[in-house]
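Below: the structure, in structure tokens.
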Amino acid sequence: MSEIIITKDNFDDEVRNFKGIPVLIDFWASWCGPCMMLAPVVEKIAEEYDGKVKVCKVNVDDQPELAAAFRVESIPLLVVVKDGAIVNQAVGLRPKEDILKMLKL
């Protein structure tokens, strides 16, 4: 499965009310160098772990309400949500192995 673009309109259906597998949310912006470096890693996780994790992306410039709701102060910010609750998060560029540990995969 490819990454799902999250907006304030689909957030409840795709993240808050989603049950079962963990949801990895990547908060990013097009002007952010580390975000661009992290993007292929997140995309690879979406492909390799299809059915085990749901991967979502939030552009903080396009979705300031979601960025504020998650208190995003630095990007990239990775947030893991399970059954509607935040269970893990990390700021900055991370290797794939660290992200998989966050997801407990």
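The number of residues in the range 45-58 that are charged (D, E, K, R) and either in a strand (DSSP E or B) or closer than 17 Å to Ile86 by Cβ (or both) comes to 3. What's the number of the condition Lys54 fails, among (1) surrounded by fewer than 19 Cβ atoms within 10 Å (Cβ to Cβ); (2) closer than 19 Å to Phe18 by Cα? Looking at each condition in turn, Lys54 falls short on (1). Annotation: of all residues in the range 59-105 being part of a strand (DSSP E or B) and in contact with a Ser or Thr (Cβ under 9 Å, 6 or more places away or on another chain), the one that is nearest to Ile5 (Cα to Cα) is Asn59.
Considering Val15, Val42, the condition of being in a helix (DSSP H, G or I), crowded, with 16+ Cβ neighbours inside 10 Å and in contact with a Cys (Cβ under 8 Å, 6 or more places away or on another chain) is satisfied by Val15 alone. When residues in the range 68-92 are screened for being buried (at least 16 other Cβ atoms within 10 Å of the Cβ) and under 13 Å from Cys35 (Cβ atoms), 5 of them pass. Contact annotation: residue pairs with Cβ atoms under 8 Å, 6 or more positions apart or on different chains, pairing a residue in the range 24-46 that is in contact (Cβ under 8 Å) with a residue 60 or more places away in the chain with a partner that is in a helix (DSSP H, G or I), are Leu24/Val42; Leu24/Ile45; Leu24/Ile99; Leu24/Met102; Leu24/Leu103. Residue count for the range 18-39 satisfying the condition of being in a helix (DSSP H, G or I) and buried (at least 16 other Cβ atoms within 10 Å of the Cβ): 3.
Since every read-out is calculated from the coordinates, none of them should be taken as a lab result. Please read all numbers here as calculations on a predicted model, not as lab measurements. No Cβ is skipped: glycine too gets one built from the backbone with ideal geometry, and neighbour counts run over all protein chains shown.
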